[in-house]
1. State which residue is nearest to residue B:254 (Cα to Cα) when the search covers only the range B:228-239 and only residues that are touching a strand residue (DSSP E or B) at 6+ places or on another chain (Cβ under 9 Å) and free of Cβ contacts under 8 Å to residues at least 60 places away in the same chain.
2. Does the range A:2-24 include one or more residues that are within 27 Å of residue A:264 (Cα to Cα), under 19 Å from the mean Cα position of the chain (by Cα) and not assigned by TED's automatic domain parsing to the domain that holds residue A:268?
3. May I ask you to list the residues in the range B:245-261 that are within 17 Å of the chain's Cα centre (by Cα) and buried (at least 22 other Cβ atoms within 10 Å of the Cβ)?
4. Considering each residue of the range B:135-159, count those that are touching a helix residue (DSSP H, G or I) at 6+ places or on another chain (Cβ under 8 Å) and within 26 Å of residue A:15 (Cβ to Cβ), and give that number.
5. Please work out if residue B:220 is crowded, with 22+ Cβ neighbours inside 10 Å, part of a helix (DSSP H, G or I) and within 22 Å of the chain's Cα centre (by Cα).
6. Considering only residues that are without any contact (Cβ under 8 Å) to a residue 40 or more places away in the chain, surrounded by fewer than 18 Cβ atoms within 10 Å (Cβ to Cβ) and either within 14 Å of chain A (Cβ to nearest Cβ) or assigned to a helix (DSSP H, G or I) (or both), which ones fall in the range B:156-200?
7. Going by what's in this entry, would residue B:35 be described as touching a strand residue (DSSP E or B) at 6+ places or on another chain (Cβ under 8 Å) and within 30 Å of residue B:120 (Cα to Cα)?
8. Please return the ranges of strands (runs of 3 or more DSSP E) entirely within the range A:225-279 where 3 or more residues are at pLDDT 95 or above and on the phi > 0 side of the Ramachandran plot.
């Protein structure tokens with residue numbers, strides 16, 4: 001497993017890889033969710049590249065860029081037994097050298113939900129992912145369904161900009177009590193960790209209603225909000241019942257719907273989601 | 001020479017090409033300048049792809065999109081003897097299908113000059129060129145120095161977004177009287193065609209001053225404007241003496257400078273430029 005920092009070294013090492021090449025873009029502080037992406041890539045690719053980069057341009061000025069957990073040594077220890085070929089760990093200066101000024105944006109799908117409360121977030125995401133796609137030239141790129149809007153935005157970007165690769169989306173991995181795995185879970189105190197299970201309970205309560213034939217999206221949003229409000233330490237930022245591709249809020253669920261939410265537990269912002277009507 | 005419309009056919013045909021692949025992106029209505037790019041590509045590439053697409057997103061609402069000259073039959077006749085492997089002639093619907101929403105922008109370099117008088121122009125250019133790069137995956141892409149700011153913007157985009165290719169810039173081809181070759185020259189009446197030589201005379205007058213040691217950029221701008229004003233049918237939109245990479249106006253020329261201008265001759269908007277101090 002080669003660990004590489006500069007773009008020139010990356011390009012040279014990429015030349016030597018047998019295709020198809022699978023890319024798993026990460027911000028590090030890896031957990032079982034990331035590892036599940038690597039294992040999925042192994043089923044479909046001859047070579048695996050993991051990028052680890054806490055991308056400053058997707059954090060807002062008041063967000064947790066400085067505090068975001070980092071532990072490269074631990075990350076490399078987790079990746080070593082997984083048969084990864086290359087790990088790219090560019091510095092911010094490698095990604096955004098002086099004079100940097102190119103941006104990739106996806107308009108409509110980036111606007112609601114995370115885009116509404118994190119202005120500029122998706123511009124940072126699409127820009128860095130476009131850079132990763134161009135630098136690494138994978139045939140397949142793996143993303144977790146945990147970041148549901150990110151998945152929709154990147155699928156749209158790949159399609160619209162003709163990126164010659166397949167975007168593969170893998171299911172959310174959850175702790176035994178239902179909490180979605182996230183690098184940010186490390187921020188939670190023991191009490192908050194307990195309270196954080198409210199997100200998944202809120203989602204599954206709405207799913208139960210859907211399975212009992214509820215198709216009114218605003219009723220499902222009310223159900224989710226009601227469950228969240230039952231937890232005193234939870235401050236919901238949004239709850240949504242939207243089209244999984246466009247992220248537009250639904251009135252009535254005809255086919256599929258994406259239930260999603262952002263909730264503060266103490267000072268920690270958590271997101272989670274669930275797709276209804278998936279075949 | 002295969003002529004291809006859809007993206008799927010393009011991808012299939014691209015697979016069969018021997019590398020390195022050279023791309024010449026054009027808006028068609030080809031002239032000797034375009035052909036010079038093809039011939040340069042032949043010196044360096046095993047396979048040649050020419051794209052022909054009058055890109056609607058780089059035209060402003062009051063610009064000449066509908067009037068822009070098109071003659072695919074003639075273009076193909078010109079390319080046939082040049083040993084081109086693929087010609088991609090996508091329709092607007094192939095490039096921008098319903099729901100299209102991804103954009104590539106280059107911030108600072110796109111702002112002055114053409115960007116100042118053609119708002120949104122470079123967003124259209126960088127977006128379509130990014131799409132061409134991803135769809136065709138060339139090792140080298142050829143552009144004419146005629147569009148000097150486009151060259152600076154695309155170089156910046158390729159660098160910043162890690163496109164795995166080399167941007168090759170080829171010199172302006174001129175008519176015997178100095179007029180830069182352009183598809184838009186067809187708009188000119190016989191009288192305007194004569195008047196249009198004022199652009200190159202303006203540039204060379206300033207170059208003469210530079211060669212006689214003039215280094216004051218505002219003096220060179222005045223010289224160019226003076227020559228343009230001597231032609232009654234010329235309406236200058238801007239004249240510039242700027243850094244060739246950043247396009248920022250200079251005060252004093254230390255090393256290189258890009259002289260450039262946009263001038264209306266009747267209703268036809270022409271641009272031209274010349275680099276001072278080139279090694």
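1. B:239
2. So far as the range A:2-24 goes, no, none of its residues is within 27 Å of residue A:264 (Cα to Cα), under 19 Å from the mean Cα position of the chain (by Cα) and not assigned by TED's automatic domain parsing to the domain that holds residue A:268.
3. B:247, B:258, B:259, B:260, B:261
4. 11
5. no
6. B:159, B:164, B:166, B:190, B:193, B:194
7. Taking the combined requirement at face value, the residue does not satisfy it.
8. none
The values are calculated or read from the model by the stated rules, or taken from the named source; none is laboratory data. These numbers were taken from a predicted model, which means no experiment stands behind them. Neighbour counts are summed over all protein chains in view; Cβ atoms, including those assigned to glycine, are modelled from backbone coordinates with ideal geometry.
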